[in-house]
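The values are calculated or read from the model by the stated rules, or taken from the named source; none is laboratory data. Being a predicted model, the structure only gives us computed values, none of them experimental. Here the Cβ positions follow ideal geometry from the backbone for every residue, glycine too, while neighbour counts run over all protein chains shown.
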Amino acid sequence: MAGSGSTESMVRIKHSGLVFYQFTALRQERGLQHGFFARLGGVSRPPFATLNVGASVGDDPQAVAMNRQRCFSALGLAEPMVVTPYQVHGTRIARVGPAEGGRVIADTDGLLSDREGTVLFLRFADCVPILLYDRRCRAIGLVHAGWRGTLDGIAALAVAAMRDCFGTDPAALWAGIGPAIGPCHYEVPPDLAEYFARRFGPQVLAWPGDGGTRLDLPAANALALQEAGVRSVVQAGLCTACHTDEFFSHRAEGGHTGRLAALAGLVVGDDR
């Protein structure tokens, strides 16, 4: 896993004290805006310092609201455009549009849209963020994949939902896997390792020689996307647990930390 900073697949951007990453392949797409935010440039106090956007971790609600607004503003997005789910480590995928702007969608871990003026907003602290983009159908998806969701097939379910909702051809779909915990830090118990080996094969596991077993959760989701017919899958190569100076990490920080913002939206009047 690469350290913090620009990688071959992502660009690190500084804006008004905030830091966020964008996929290089999508930066020039007209009418598409996206960003995976670092923990820098917000107002929250430790252990949520500083750009925590998670409202259910014990942080000051006013600080969370201000942090969220800073993220939206950095991408030139208006808050009424933003739709977000209450994430439960499940596999429910919801199609949304402008009518859902400003709403929280209950018990959902993936959002899809083909409507301009709609922005998808999810939160992460080690789990895998998956951004889907169908250039032909002008549709997007944003998915939260923890180990449960990964084993239960949320990546493939999101691809199938885009096919059913928008007529997406999986072979023409672009998928990006954002910053997430890497196999360098994600030790798992033997029973969970066995489940992943049965589902994805031994290539998603690593044995560093200390008696433990490490899981490559981004690689497992990349394999799931490829099995679903997606030919273009790009991984960020950024481990959240390696660099807690830049990212929140539930594993590395003992479960008491903030949440990172991931945003993707179809915007009107993009003059790029």
### Query
Out of region 112-133, which residues are under 21 Å from ALA65 (Cα atoms) and either assigned to a strand (DSSP E or B) or without any contact (Cβ under 8 Å) to a residue 40 or more places away in the chain (or both)?
THR118, VAL119, LEU120, PHE121, LEU122, ARG123, PHE124
### Summary
Taking first residues from region 174-196 that are in contact (Cβ under 8 Å) with a residue 12 or more places away in the chain and within 21 Å of ALA158 (Cβ to Cβ) and second residues anywhere that are surrounded by 24 or more Cβ atoms within 10 Å (Cβ to Cβ) and among the charged types (D, E, K, R), the pairs with Cβ under 9 Å that are 6 or more apart or on different chains are ALA180/ASP126; ILE181/ASP126
### Query
Which members of region 125-137 meet the condition of being surrounded by fewer than 19 Cβ atoms within 10 Å (Cβ to Cβ) and in contact with a Ser or Thr (Cβ under 6 Å, 6 or more places away or on another chain)?
CYS137
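Name the residue that is surrounded by the fewest Cβ atoms within 10 Å (Cβ to Cβ), counting only residues in region 138-161 that are of a type outside the set (S, T, N, Q) and closer than 17 Å to GLY182 by Cα. Spell out how you get there, then give the answer.
Quick first cut of region 138-161, residues of a type outside the set (S, T, N, Q) only: 138-149, 151-161.
Next cut, closer than 17 Å to GLY182 by Cα only: 144-149, 151.
On the way: HIS144: 23, ALA145: 29, GLY146: 22, TRP147: 19, ARG148: 15, GLY149: 26, LEU151: 18.
This residue is ARG148.
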#### Entry: Residue ranges of strands (runs of 3 or more DSSP E) in region 153-272 with at least 1 members among the β-branched types (Val, Ile, Thr)
174-177, 213-215, 232-235
## Note on the structure
Going through region 89-124 in order, the residues found to be small (Gly, Ala, Ser) and surrounded by fewer than 20 Cβ atoms within 10 Å (Cβ to Cβ) are GLY90, ALA94, GLY97, ALA99, GLY101, GLY102, ALA106, GLY117
### Query
Got a number for residues in region 68-111 being closer than 19 Å to GLY258 by Cα, within 17 Å of the chain's Cα centre (by Cα) and outside any strand (DSSP E or B)?
8
### Query
Looking at region 12-39, which of its residues are among the polar types (S, T, N, Q) and part of a strand (DSSP E or B)?
GLN22, GLN33
### Summary
Log entry, pairs with first residue in region 35-50 being on the phi < 0 side of the Ramachandran plot, second being among the aromatic types (Phe, Trp, Tyr) and part of a loop (DSSP other than H, G, I, E, B), beta carbons closer than 8 Å, six or more apart or on different chains, reads ALA38/PHE247; ARG39/PHE247; ARG39/PHE248
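Taking region 57-67 as the search range and keeping residues that are part of a loop (DSSP other than H, G, I, E, B) and more than 19 Å from the chain's Cα centre (by Cα), which one is farthest from LEU18 (Cα to Cα)? Step through it out loud before you land on a result.
To start, the set of residues in region 57-67 that are part of a loop (DSSP other than H, G, I, E, B) comprises 57-60.
Now restrict to residues that are more than 19 Å from the chain's Cα centre (by Cα): 58-60.
Numbers: GLY58: 22, ASP59: 19, ASP60: 19 Å.
Selected residue: GLY58.
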### Task
Kindly indicate which of GLY42, GLY5, GLY54 is modelled with pLDDT of 95 or more, under 30 Å from VAL204 (Cβ atoms) and either of a type in the set (Gly, Ala, Ser) or assigned to a loop (DSSP other than H, G, I, E, B) (or both).
GLY54
### Query
Checking GLU194 against (1) buried (at least 20 other Cβ atoms within 10 Å of the Cβ); (2) over 28 Å from ARG30 (Cα atoms), which single condition isn't satisfied?
(1)
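Search region 8-56 for residues being aliphatic (A, V, I, L, M) and over 18 Å from the mean Cα position of the chain (by Cα), and hand back the single one that is surrounded by the most Cβ atoms within 10 Å (Cβ to Cβ). Let's see the steps before the verdict.
Taking region 8-56 and keeping what is aliphatic (A, V, I, L, M), we get 10-11, 13, 18-19, 25-26, 32, 38, 40, 43, 49, 51, 53, 55.
With the extra rule that they be over 18 Å from the mean Cα position of the chain (by Cα), the set shrinks to 43, 49.
Details: VAL43: 18, ALA49: 16.
The selected residue is VAL43.
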### Message
I'd like the residue in region 226-239 that is more than 17 Å from the chain's Cα centre (by Cα) and of a type in the set (A, V, I, L, M, F, W, C) and, out of all such residues, is surrounded by the fewest Cβ atoms within 10 Å (Cβ to Cβ).
### Response
ALA228
### Query
Only one of (1) free of Cβ contacts under 8 Å to residues at least 60 places away in the same chain; (2) in contact with a Gly (Cβ under 7 Å, 6 or more places away or on another chain); (3) buried (at least 20 other Cβ atoms within 10 Å of the Cβ) fails for CYS242. Which number is that?
(1)
